[in-house]
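Readers should treat all values here as calculations from the given coordinates under stated rules, not as data from a laboratory. Please read these numbers as outputs of a predicted model, since none were measured by experiment. Every residue, glycine as well, gets a Cβ built from its backbone with ideal geometry; the counts of neighbours run over all protein chains shown.
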Amino acid sequence: MTKKRKLNQDLLIISILTLMTALVWMGTNTYHNFVAKKTTTVEKELLIPLKSEINQKLIADLENKKHLSEEELTQILSQAKRTTPSASPEAATPPPATASSSPATETAEEATNTPEL
């Protein structure tokens with residue numbers, strides 16, 4: 001029985017020392033990460049200063065491109081019609097709404113704005 005107790009005591013001491021070693025190791029690594037200076041490398045292409053000039057010709061070209069000619073519009077619309085699937089006319093038109101109350105008590109505008117239940 002004493003051997004078993006001695007073995008348990010030795011295992012306890014070894015596990016405590018192992019835990020302390022792991023904690024000290026993690027602590028020193030954490031301290032080193034906080035204290036160590038980090039060097040950041042930046043590509044030379046990113047360090048080139050930007051030009052502070054505004055390209056007026058480019059802005060004028062963009063202003064002119066804002067308006068499309070009639071020919072360009074019809075070309076774009078015809079391409080859009082070819083690429084988008086067309087829906088059937090029956091599915092596009094909603095069924096006519098029926099008024100649920102008598103026409104004498106509400107105006108025509110109110111009858112068209114009431115939702116169908």
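Taking the Cα-to-Cβ direction at THR30 and at LEU62 and moving 7 Å from each Cα, how far apart do the two end points lie in nm?
Once both label points are built, they end up 5.1 nm from each other.
Arrange the following residues from fewest to most other Cβ atoms within 10 Å of their Cβ: LEU50, LEU12.
Final ranking by Cβ density, sparse to dense: LEU50, LEU12.
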